[in-house]
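Have a look at the structure below, then the notes.
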Amino acid sequence: MVLNLFIFFPFLFIFVSLWLKMGPSDTIADLTMPTVAPHSPAHRILGEVFGYSSFRPGQEEVIAHILDGTSVLAVMPTGSGKSLCYQIPALIRAGLSVVVSPLVALMEDQVAALKLDGVAAETINSSRDRESNVATWRRVQAGAVRLLYISPERLMTERMLAALQRLGLVQIAIDEAHCISRWGPSFRPDYEALSGLAELFPGVPLSAFTATADEATRLDISAKLFDGRGRTIVTGFDRPNIRLAVETRRDGNRQLVDFVRARPGEAGIVYCLSRKKTEAAADLLAGNGFRALPYHAGLDSAERAANQDIFMTEPGVVMVATIAFGMGIDKPDVRYVFHANLPANMEAYYQELGRAGRDGEPADAFMLYGLGDIRQRRIFIEEDATRDGDGHKRREHKRLDALIAYCEAPQCRRRALLSYFGEESGPCGNCDICLDPPTMEDGAVHARNALGAIEQTGQRFGAVHVIDVLLGADTEKIRRLGHHRLPAHGLGRGETKDTWRSILRQLVAAGYLRLDIAGHGGLNLTGDGRSLLEDGGAFRFRRDPTRSKSAAPRAAPKWAAPPKADLSEADENLFAALKEMRLDFAQARGVPAYVIFSDRTLADMAANKPADEAEFAQVFGVGEAKLRDFARPFLFMIAQSTG
């Protein structure tokens, strides 16, 4: 007995230590890795209904927890198949599963996709008339619906909650779960009411899904939904198919047009800071021959819906939008996201760039930014009176600091991005810095000259005037203020205006300068900046690459154009014909093209050329319902191309 205790206690100590390190909201999957059995109903449904042969990372663990009755928060990258994690349990367990989703368009698309897969799914939402919603509810009451998609506003009404309690639920799944957290980038008060679901539906497993949640946000979601007792599974944040790049804004209009021109016929999203900038950028692109549509909250709802429908269903459309567009947009073939302005913070940036390349094919995330962006974002934070005062503002300034540091990163951007979310990685080889490493230079003298000019002018002027002083400009303003007599006047004549703009921006990013957001954007020395000026020290800066402004059009950077799929010329022609047929089917049904078949499915058809239904059933993404509904016309098209 004593010997057995001596053997047992070391293992007990190890287990308790691991448990204490995990905390209540970390996943025990790290220890036990629960999965579904190879010949289980989950694997059968994966193949027969959805047409996939294997699960993606994290899916089995989440499904196993839900089937076990355990509440779970899943943080999985965009495009990693989060929806299957709750759809498969809904088809295994007899009864109704409720899916909470923030957007009508997303609900409609997911229900349309499920119906094409032969799944009894429905939605009740504000875009449908009362008769349609009543008819749907009757089907729910009759037990004819397995998955019901609903908004948080409609779910959390007293009447709907009482009705669902009478029915009994198999599970409740919450999509875009970061919306529940005040720490997250897209907090929605309507979502916060969902924190009462555990009490209203005791014993019903809650599952929550997001692609965007740092540790603080994850803990907040878990505390609100599960009282910290659920499991959290994080499969990683990396999207290696997306090439990351940041450029300083020199001629923003020209940079945008050149970027889009390098990607003819590709669908993309351009994010702008305001409604006015959105309209201007859409007009600019349209004037240069691109099919570009605006999307922002100031547009009539019918126009917004029409523009979104065009973007979702037609190829090669560029959506120019504020952040009002995007959450839950499930268009897999978006080939780029272009940020014309600095996003709000790292989480918002990650969420927005994640709308590119959901199909796993190469895509681009490209950002322009400058000092004006930083100032505007600081102002937004200070003016935000909707949250918990100074504590919220401090957190948001720190989050913005992290994004600015990412923009000024001297080494691999992906490492900086993933590090923010607590994930380590080596150099990615798929960002602008890895592909075109910057030159780092000793800038100690430049920094002290710039800091001296700012101090000597009273720390109340912005970058434009400070640079004029450094370059020894002879302007009316400089003479009126007597700044031509300052020791700093003309000290920077050896560098260009663009270089000084870059140095000032990097001094801000490194914490030596701050922007006076309460005033007119003046530059102030921080404590570190004063130490660098008075006591000396090292400062290295990255010299921005110089590009000829006369080049028209300028050649795209070498990271800009993603490689084509590995298909022969004949296969490419067949692939194009299959896409045309897919579009015809989609338009006839009023659904996005990817709901019929993904590009990957069509590429699989083009490469392998199935000759009969048995072979067609082996194509990636072809389940029993799609085999029944689409095999014949697609097989005929393939036979014609090979005959």
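Values quoted throughout were computed directly from the atomic coordinates according to the rules given, and no laboratory measurement underlies them. The model shown is predicted, which means the values in this text are computed figures rather than measured ones. Reconstructed Cβ throughout: ideal geometry from the backbone, glycine too, with neighbour counts over all protein chains shown.
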message = I'd like the projected area of the chain, averaged over all directions, using the convex hull of its alpha carbons. Report it in nm² with one decimal.
response = 35.7
ask   = What is the chain's relative contact order, in percent, from Cα pairs under 8 angstrom and six or more apart in sequence?
value = 14
ask   = How big is the equivalent ellipsoid of region 242-434 along its three axes, where each semi-axis is √(5λ) from the Cα gyration tensor, reported in whole Å from largest to smallest?
value = 26, 21, 16
request  = Sort region 569-642 into rounded, prolate or oblate with this rule: let a ≥ b ≥ c be the square roots of the eigenvalues of the Cα gyration tensor; rounded if a/c is under 1.5, and if a/c is not under 1.5, prolate when a/b is larger than b/c, oblate otherwise.
outcome  = oblate
task = Enumerate the amide H contacts of Ala356 below 5 Å, restricted to partners 5 or more residues apart or on another chain; note that Pro and chain-start residues carry no placed amide H.
result = none
task = Would you please give the FRET efficiency between Thr439 and Leu200, computed as 1/(1 + (r/R0)^6) with r the Cβ-Cβ distance and R0 = 56 Å, to the nearest 0.05?
result = 0.40
note = The long-range amide H neighbours of Arg540, using H built 1.01 Å from N in the peptide plane and a cut-off of under 5 Å, are Gly443
key: region 158-285: C-alpha gyration tensor shape, a/c 1.5 cut-off, then a/b vs b/c   = prolate
ask   = What does the convex hull of the Cα atoms come to per residue for region 250-292, in Å³?
value = 69
note = Everything considered on the Cα gyration tensor (a ≥ b ≥ c; rounded for a/c under 1.5, else prolate if a/b is larger than b/c, else oblate), region 252-343 must be described as rounded
ask   = So, by mean Cβ neighbours within 10 angstrom, what's the order for 367-373, 317-323, 85-91, 302-308 with the highest one leading?
value = 85-91, 317-323, 367-373, 302-308
message = How much length would be gained if the chain were fully extended between Glu572 and Ala120, taking 0.36 nm per residue of separation minus their Cα-Cα distance, in nm to one decimal?
response = 159.2 nm
ask   = How big is the Rg/Rh ratio for region 362-445, C-alpha atoms only, Rh by Kirkwood, two decimals?
value = 1.04
query = So what is the 222 nm mean residue ellipticity for the chain from helices alone, if each DSSP H run of at least 4 adds -39500 (n - 2.57) and you divide by all residues, rounding to the nearest 500 deg cm²/dmol?
reply = -14000 deg cm²/dmol
ask   = So which of Lys224/Lys276; Lys398/Lys477; Lys82/Lys224; Lys82/Lys331; Lys82/Lys276; Lys82/Lys626 end up more than 26 Å apart by C-alpha?
value = Lys224/Lys276; Lys398/Lys477; Lys82/Lys276
ask   = How many angstrom lie between the C-alpha centres of region 148-199 and region 236-295?
value = 35
note = Counting only backbone N atoms under 11 Å from a point 7 Å out along Cα-to-Cβ of Arg44, the residues of region 74-98 in range are 92
key: Projected area averaged over orientations for region 440-543, convex hull of C-alpha atoms, nm²   = 6.0
task = Give the peptides 444-450, 582-588, 223-229 in descending order of average Cβ contacts within 10 Å, highest first.
result = 444-450, 223-229, 582-588
